[in-house]
Amino acid sequence: MKILLATDGSEHSSAAVQEIANRPFPQGTQVLIISAFQSTALMVSSPALMGGLAGYYGEADELAQKLAEDAVKVASETLKEKNPALSISTKVINEAPKHGILKEAETFGADLIVIGSHGQSALSRFLLGSVSHAVALHADCSVEIVRKRSLNDEIKES
C-alpha cells in the first residue's frame, strides 16, 4: 500500500500524522510525507518596484521552506517511532498545496491520501478555498480527511 501524507505542521496536520501512526499497516507499507509551500515568486504577479521588496520575499520564501522541512521531519520522526513497519520518505515541494498534493499523489502512485482539516467555516472555505476539499474532489485515489478532535470529544471518550 502507498500512502501520501500531507502536512503543514499545524495541529490539524498532527492529527492526521497520529491517525497514521496508530494504525496497524502491513510491513513495508510506503508512506510519502509531503509539505507544500508556495513561493512568493509564484504568488506575486509583478516584480517589486526597483527590487525594494526582493529581500523580504526571499526571507519569506526561506522561512516557508524551513517550516515545510520541519513539518515533514517531525511527522517522519513520529511515524518511525510509533509505527516502525512503515517505509517512510519525505519531500518538500514549492507549489500551491492543492495542486502539489494531487501531482505528488499521482507521481507516487498513492492508494490513499491522508490530510488534516483546518475546520474552516463555509464562508472562509468559499473565500480562501479548502486544500482538503480540493484534494478530495480531484484525487484519483481514496482521500481521508482527518479532523482534530475537540476537547469535548476527548472528554466523552474518557
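The values are calculated or read from the model by the stated rules, or taken from the named source; none is laboratory data. All values derive from a computational prediction rather than experimental measurement. Quick reminder, even Gly has a Cβ in these numbers, built from the backbone with ideal geometry, and neighbours come from all protein chains shown. Each accessible area value is taken on the protein alone, full model and side chains, heavy atoms only, with ligands, DNA and RNA left out. Shrake-Rupley method; radii C 1.70, N 1.55, O 1.52, S 1.80 Å.
The condition (being small (Gly, Ala, Ser), more than 23 Å from residue 37 (Cβ to Cβ), at pLDDT 85 or above and not in a strand (DSSP E or B)) is satisfied by just one residue among 105, 75, 71, 85: 85.
Residues in segment 88-108 that are more than 18 Å from residue 140 (Cβ to Cβ) and open to solvent by 60 Å² or more (accessible area, probe 1.4 Å): 3 in all. Here is the figure for segment 2-11: residues that are open to solvent by 40 Å² or more (accessible area, probe 1.4 Å) and either touching a helix residue (DSSP H, G or I) at 6+ places or on another chain (Cβ under 7 Å) or not charged (D, E, K, R) (or both) total 3. State whether the residues of segment 119-135 include one that is of a type in the set (Phe, Trp, Tyr) and modelled with pLDDT of 70 or more. No; the residues of segment 119-135 include none that is of a type in the set (Phe, Trp, Tyr) and modelled with pLDDT of 70 or more.
Of the candidates 92, 143, the single residue that is farther than 16 Å from residue 12 by Cα, among the hydrophobic types (A, V, I, L, M, F, W, C) and modelled with pLDDT of 95 or more is 92. Restricted to segment 24-60, and to residues there that are within 20 Å of residue 112 (Cα to Cα) and exposed (fewer than 13 other Cβ atoms within 10 Å of the Cβ), the residue that is modelled with the highest pLDDT is 24.
Within segment 146-156, track down each residue that is modelled with pLDDT of 55 or more and either touching an Asp or Glu at 6+ places or on another chain (Cβ under 8 Å) or not basic (Lys, Arg) (or both). Step through it out loud before you land on a result.
Kept after step one, since they are modelled with pLDDT of 55 or more, are these residues of segment 146-156: 146-150.
Listed by number, the residues that qualify are 146, 148, 150.
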